[in-house]
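Student: Just dropping this structure here.
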Amino acid sequence: MKRWAINTTALIFLALLPLLFFYKAFFGYLIISGDFSGSDLLDLHLPFKQILHERISDNMLPLWDPDLSLGFPVLAESQTGIFYPVNFVFAYVSPYIALNGSIIAVFIISLLSTFWYLRLLGRSIAASLFGSIAFSFSAFYITRFKHINMVHVASMFPLLFCMTRSFFEGQKLRYLLFTGFILAFMIFAGHAQMAFYSILIFLTYVVFECIRVFLLTKKAVIVPLAAVYVVNSFTIAVGLTAIQTLPSLELLGLTERPTYAETILTAYPFSPKHLITLFSPYYFGNPAIATYRENVVSGGIFWENSSYFGIIPLFLALFWIVRIITMLGKKIINPRGKHSMDLVSYYFLFLAFISFVIILGRNTPVFLALTKLIPLFNLFRFPTRLNLFLIFSLVVLSATALDFLLAKISQKYKSALIAIIFTVLIFDLYVFANAYVSFIPIGDFLKNPAPLAALSKEKEAFRIYSMTQYGEGPYRSLGWVSQDAHGAISAFRQSIPPNNNVFYHIASFTDRAWFEGGLGIKRRTRLEKFLLSENQNTALTGKLLGLFNVKYILSFRDSIGIEINKIKDYDLGKSYAGKLNLFENYQNLPRAFFVPEANIIKDEESVFTAITDINFLPNRTVILEDKPKKLPPEFSGVLDEFHKQNPVKIISYKQEEVIIEADIKQHGFLVLSDTDYPGWNASVNGKEARILKADYLIRAVELFPGKNKVVMKYDPFSFKLGALVSSTTAFLIIASVLLYCLYRLALIIRR
């Protein structure tokens, strides 16, 4: 069989292999994986895919979603991965199919890109298949695919090495262009930490390839060529992704992420005792069946520590490490050699070592030193995620060792041995994955939650506050693999966990991301932390939530606060022990309302103190941080009469536009309990008006007597500037490629 046919057959085999591991996805099941506090897959990424599906189907981009967290800049939260091609294509189908498809796509991309890289290194078809399977079905992917954006970035990492190797081998500009595209896709995929780590490792590999080629050719020109390669590929990536990165940087500046404390950065390190899980992945238990009982603070989190990639690859990697260490100091005869102690092996030995040292976190001084030496390194938790590069390095070494050993085996026995090795490898990794990955019928997710019947009767705009993610959920106590766990998970979803409200177009006070390390608006996060852990006044709870239009609360608790009454409870069946309670907050204020007074307080902390004062009356006074055109006199009338005489009505409430009519008899302030965020602009009766930050984190517009039509639109400059930069970059790339093609064509014609 010809070489191209063998390679093609191998690629087809690899592309089909994930279908074996996730075959139930083609029979009406959703691929799931849990967390101790829920599931990022089901409670973060699935709702994001729902938002993306709805907006893309309407030929719109989801810039803003009013149902999340008092209103949230969805596009700016890069985890949505809106511009990543895989996500964009799947946006046209059901979010459940999209989630399954995205997961399977991760494994296909990783398998094919790893195979390609190993072939570029000169590894045999068998060794390349072996390595790609060991890497792509390793614990990094199997235990972390719930962070779908993270594993998408990781799956493209081998492509960076492919392009770099190809560039230094052939020194063709097209590889520079492709590298820029891959870097852009990694950024678009929406996991900044994994993209950042991948870029750092990519730079070390560029240095290595530069050294390797220099040793081969003795040409110093390779150094400036390497600089051109890096600078231009980064320029392409930065330009193309500006449409995503500029809004994301704007959001980042308004979150807690830039101020991570050292204690958070160094939490959950890799404990050396977990090295045993390289041999026995479930030695300390399996969270999928609720048997993992390690203290996560001292022992680490299971999926963050897990680095299993198969027992055969591990022993091969260890064999090769011993062998190349014994060769240190000896002359390397052929740096490009297929089976010799080549430079590539030493690079991956170095990468494996440095990755391992960093994932130890606070157990060594290296990680903290890097947070101070490398810009942006201190923005990210969980250095254990560098185990991606540890696994990749060990896999490359194991594939090299396999080729070395196969070369010494008689041709008579080689085919049988290869068949045995592959059978054991696939069976080993399948058993490992099958013990962790689970499937739930999609139909279970299509059932309306029980409280929806009561909530759907409400005529006026309102928000809910589902407090159910903060207690002991089914994932920690039952895992997610057993039938009992499936029943409990389905029952738990009756509580409309944060973010799942978007499926029913119900506005929510909270979201999942802030609680699980995502990007939440700092001020809103501070407010919720106060409600959950600092507030001791039960009368204040309803008042504060009411300010933000929270009328209904879902909780497993029996009481929430004064003037917050339980109106219904729901028996979730045998699968879930506790009852779900629906509370109504009788201190709820309308989504939009008019107040006669304003206080000016410029200090953020003082504003927070003011709105959390039990004597604060939000339906009478608004706290502003900027001075309006005019301050009204102190109000001395009857509030109920005032609100009747100054009616406010929401005429239209869309994702990026709100229209309100207010028939006002006296000067005052229209308050809308939606997040105040850069990019929101207002007009009153067609004339530009200023949006004032009100009551710590929402919006107000100053109004004067008369009939007022207030229009608020979300038109973010960060997005428009980013779109301009990205489109200009794309145009310049296309123009450059066309000019180059015309130039090449002219040369051919002259000949």
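Student: Of all the helices (runs of 4 or more DSSP H) wholly in the range 481-549, which have at least 1 residues that are modelled with pLDDT under 90?
Tutor: Values: elements: 483-492, 522-529, 538-547.
Answer list for the range 481-549: 483-492.
Student: If you check every pair at least six apart or on different chains, which have Cβ atoms under 7 Å apart with a residue in the range 412-434 that is in contact (Cβ under 8 Å) with a residue 60 or more places away in the chain first and a residue that is outside any helix (DSSP H, G or I) and surrounded by 13 or more Cβ atoms within 10 Å (Cβ to Cβ) second?
Tutor: Final answer for the pair search is 425/310; 428/310; 429/137; 429/310; 432/281; 432/308; 433/137.
Student: Still on this model: Just one of (1) free of Cβ contacts under 8 Å to residues at least 40 places away in the same chain; (2) part of a helix (DSSP H, G or I) trips up residue 61, so point out which.
Tutor: Condition (2) is where residue 61 drops out.
Student: Could you list, in sequence order, the residues of the range 431-475 that are assigned to a helix (DSSP H, G or I) and closer than 30 Å to residue 13 by Cβ? Please lay out each step first, then the result.
Tutor: Within the range 431-475, the first condition is being assigned to a helix (DSSP H, G or I), and the residues that meet it are 431-434, 442-445, 452-455, 468-470, 474-475.
Result: 431, 432, 433, 434, 442.
Matching residues to (1) touching a residue at least 40 places away in the same chain (Cβ under 8 Å); (2) surrounded by fewer than 18 Cβ atoms within 10 Å (Cβ to Cβ); (3) closer than 25 Å to residue 318 by Cβ; (4) not small (Gly, Ala, Ser):
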residue	(1), (2), (3), (4)
363	yes, yes, yes, yes
370	no, yes, no, yes
380	yes, no, no, yes
385	yes, no, yes, yes
390	yes, no, yes, yes
395	yes, no, yes, yes
401	yes, no, yes, no
407	yes, yes, yes, no
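Student: Would you check which residues across the range 624-683 are in a strand (DSSP E or B), hydrophobic (A, V, I, L, M, F, W, C) and exposed (fewer than 15 other Cβ atoms within 10 Å of the Cβ) and list them?
Tutor: Let us first name the residues in the range 624-683 that are in a strand (DSSP E or B), namely 624, 648-653, 657-664, 668-675, 680-683.
So of that shortlist, the ones also hydrophobic (A, V, I, L, M, F, W, C) come out as 624, 648, 650-651, 658-660, 662, 664, 669-672, 680, 682.
Across the range 624-683, the qualifying residue is only 651.
Residues are listed down the side, and each one gets a yes or a no for (1) aliphatic (A, V, I, L, M); (2) under 27 Å from residue 736 (Cβ atoms); (3) without any contact (Cβ under 8 Å) to a residue 24 or more places away in the chain; (4) assigned by TED's automatic domain parsing to the domain that holds residue 90:
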| position | (1), (2), (3), (4) |
| --- | --- |
| 134 | yes, no, no, yes |
| 138 | no, no, no, yes |
| 143 | no, no, no, yes |
| 151 | yes, no, no, yes |
| 156 | yes, yes, no, yes |
| 162 | no, yes, no, yes |
| 167 | no, yes, no, yes |
| 172 | no, yes, yes, yes |
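Student: To continue, here is another question. Kindly check whether there is at least one residue in the range 591-603 that is within 32 Å of the chain's Cα centre (by Cα), within 27 Å of residue 666 (Cβ to Cβ) and assigned to a loop (DSSP other than H, G, I, E, B). Can you show your working first?
Tutor: Going through the range 591-603, the residues within 32 Å of the chain's Cα centre (by Cα) turn out to be 591.
Those still in the list that are within 27 Å of residue 666 (Cβ to Cβ) too: 591.
Remaining after also requiring assigned to a loop (DSSP other than H, G, I, E, B): 591.
Yes: the range 591-603 contains one or more residues that are within 32 Å of the chain's Cα centre (by Cα), within 27 Å of residue 666 (Cβ to Cβ) and assigned to a loop (DSSP other than H, G, I, E, B).
Student: Are any of the residues in the range 574-586 outside the structural domain of residue 702 (by TED's automatic domain parsing), on the phi > 0 side of the Ramachandran plot and assigned to a loop (DSSP other than H, G, I, E, B)?
Tutor: There is no residue in the range 574-586 that is outside the structural domain of residue 702 (by TED's automatic domain parsing), on the phi > 0 side of the Ramachandran plot and assigned to a loop (DSSP other than H, G, I, E, B).
Student: Follow-up. Give, as residue ranges, the strands (runs of 3 or more DSSP E) completely inside the range 686-751 that count at least 2 residues that are in the same structural domain as residue 657 (by TED's automatic domain parsing), in contact (Cβ under 8 Å) with a residue 12 or more places away in the chain and not acidic (Asp, Glu).
Tutor: So the answer is 691-694, 698-703, 706-714.
Student: So, one more: Just one of (1) loosely packed, with under 12 Cβ neighbours inside 10 Å; (2) touching a Pro at 6+ places or on another chain (Cβ under 8 Å) trips up residue 425, so point out which.
Tutor: Among (1) loosely packed, with under 12 Cβ neighbours inside 10 Å; (2) touching a Pro at 6+ places or on another chain (Cβ under 8 Å), the lone unmet condition for residue 425 is (1).
Student: Give me the pairs: first residue in the range 198-218 and at negative phi, second residue β-branched (Val, Ile, Thr), beta-carbon distance under 6 Å, and six or more apart or on different chains, which are they?
Tutor: Qualifying pairs under 6 Å: 205/164; 206/164; 206/230; 209/164; 210/222; 213/222; 214/222.
Student: Report whether or not residue 197 is in contact with a helix residue (DSSP H, G or I) (Cβ under 9 Å, 6 or more places away or on another chain), crowded, with 21+ Cβ neighbours inside 10 Å and more than 30 Å from residue 680 (Cβ to Cβ). Please lay out each step first, then the result.
Tutor: Details: in contact with a helix residue (DSSP H, G or I) (Cβ under 9 Å, 6 or more places away or on another chain): yes; crowded, with 21+ Cβ neighbours inside 10 Å: yes; more than 30 Å from residue 680 (Cβ to Cβ): yes.
Against the criterion (in contact with a helix residue (DSSP H, G or I) (Cβ under 9 Å, 6 or more places away or on another chain), crowded, with 21+ Cβ neighbours inside 10 Å and more than 30 Å from residue 680 (Cβ to Cβ)), residue 197 qualifies.
Listed here are the residues, each with its yes/no results for (1) under 26 Å from residue 655 (Cα atoms); (2) out of contact with any strand residue (DSSP E or B) (no Cβ under 7 Å at 6 or more places or on another chain); (3) part of a loop (DSSP other than H, G, I, E, B).
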site	(1), (2), (3)
55	yes, yes, no
74	yes, no, yes
83	yes, yes, yes
87	yes, yes, no
103	no, no, no
111	no, yes, no
119	no, yes, no
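Student: Residues that are in contact with an Asp or Glu (Cβ under 8 Å, 6 or more places away or on another chain), farther than 22 Å from residue 508 by Cβ, surrounded by 19 or more Cβ atoms within 10 Å (Cβ to Cβ) and in the same structural domain as residue 251 (by TED's automatic domain parsing): does the range 117-124 have at least one?
Tutor: Within the range 117-124 (the criterion being in contact with an Asp or Glu (Cβ under 8 Å, 6 or more places away or on another chain), farther than 22 Å from residue 508 by Cβ, surrounded by 19 or more Cβ atoms within 10 Å (Cβ to Cβ) and in the same structural domain as residue 251 (by TED's automatic domain parsing)), the answer is yes, since at least one residue qualifies.
Student: Can you tell me which residue in the range 445-478 is nearest to residue 286 (Cα to Cα), limited to those that are out of contact with any Gly (no Cβ under 7 Å at 6 or more places or on another chain) and of a type in the set (S, T, N, Q)?
Tutor: Taking the range 445-478 first, the residues out of contact with any Gly (no Cβ under 7 Å at 6 or more places or on another chain) are 445-468, 470-472, 474, 476-478.
When the remaining residues are screened for being of a type in the set (S, T, N, Q), the result is 448, 456, 466, 468, 477.
Working: 448: 31, 456: 40, 466: 29, 468: 24, 477: 12 Å.
Filtering the range 445-478 for residues that are out of contact with any Gly (no Cβ under 7 Å at 6 or more places or on another chain) and of a type in the set (S, T, N, Q), the one nearest to residue 286 (Cα to Cα) comes out as 477.
Student: Over 25 Å from the mean Cα position of the chain (by Cα) and either closer than 23 Å to residue 145 by Cβ or in a helix (DSSP H, G or I) (or both): does that describe residue 428?
Tutor: yes
Student: Determine whether residue 41 is aliphatic (A, V, I, L, M) and touching a residue at least 12 places away in the same chain (Cβ under 8 Å).
Tutor: For residue 41, the condition - aliphatic (A, V, I, L, M) and touching a residue at least 12 places away in the same chain (Cβ under 8 Å) - is met.
Student: Looking at 556, 635, 583, can you tell me which residue is of a type outside the set (Asp, Glu), within 20 Å of residue 495 (Cβ to Cβ), at pLDDT below 95 and in contact with a strand residue (DSSP E or B) (Cβ under 7 Å, 6 or more places away or on another chain)? Talk me through it step by step, then tell me what you get.
Tutor: Details: 635 fails: within 20 Å of residue 495 (Cβ to Cβ); 583 fails: at pLDDT below 95.
Result of the check over 556, 635, 583: 556.
Student: Kindly indicate whether residue 13 is outside the structural domain of residue 481 (by TED's automatic domain parsing), surrounded by 12 or more Cβ atoms within 10 Å (Cβ to Cβ) and closer than 25 Å to residue 468 by Cα. Write out each step before concluding.
Tutor: Numbers: outside the structural domain of residue 481 (by TED's automatic domain parsing): yes; surrounded by 12 or more Cβ atoms within 10 Å (Cβ to Cβ): yes; closer than 25 Å to residue 468 by Cα: no.
So residue 13 fails the test.
Student: Right, next: Tell me, please, whether a residue that is at pLDDT below 95 and closer than 23 Å to residue 369 by Cβ can be found in the range 277-299.
Tutor: Yes.
The values are calculated or read from the model by the stated rules, or taken from the named source; none is laboratory data. This is a predicted model, so every value here is computed, not measured. Don't worry about glycine lacking a Cβ; one is built from the backbone with ideal geometry, like all the others, and counts go over all protein chains shown.
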